[in-house]
Amino acid sequence: MEDSTYDPPPQALSVEDKVSIVLSVISGRESVAEAAGRRTNISEQAIEDWREAFIEGGLLGLQGADAHRPPLRESRLVAEMTELKTALGEVCLELNVWQALRRHRRRTPDKK
């Protein structure tokens, strides 16, 4: 009987295994291709995704905690949009005040 090794699919790997692979790639001990080549069921893209998740979210990123959190870029865009909405609201308020003052001046005769 042939001795074969079974490599579980990427999602079945433990977080510790993923961390080990990612750290070996980040540290330069091996390339992404080499790390993927050690296991038949892990693509280079999966390792790239793990590396990105680890860089953005650390251990929690690899544990899947970031799956419920929007990506960093999206978070920044939402923060910028909130800032712009606030600024727009302030400008609208100021415009309303100026328009009210102008209406008031039209109704009130000048005292000279």
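The values are calculated or read from the model by the stated rules, or taken from the named source; none is laboratory data. Note that the structure is predicted; figures quoted are calculated from it, not measured. Don't worry about glycine lacking a Cβ; one is built from the backbone with ideal geometry, like all the others, and counts go over all protein chains shown.
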Q.
If I ask for residues that are crowded, with 18+ Cβ neighbours inside 10 Å and either without any contact (Cβ under 8 Å) to a residue 24 or more places away in the chain or assigned by TED's automatic domain parsing to the domain that holds Arg76 (or both), which ones from region 33-56 would you list?
A. Ala35, Ala36, Ala53
Q: Mind listing whichever residues of region 20-59 are more than 24 Å from Arg73 (Cβ to Cβ), of a type in the set (Val, Ile, Thr) and modelled with pLDDT of 90 or more?
A: Ile21
Q) Scanning region 60-81 for residues that are under 16 Å from Val22 (Cβ atoms) and assigned to a helix (DSSP H, G or I), which turns out modelled with the lowest pLDDT? A) Asp66
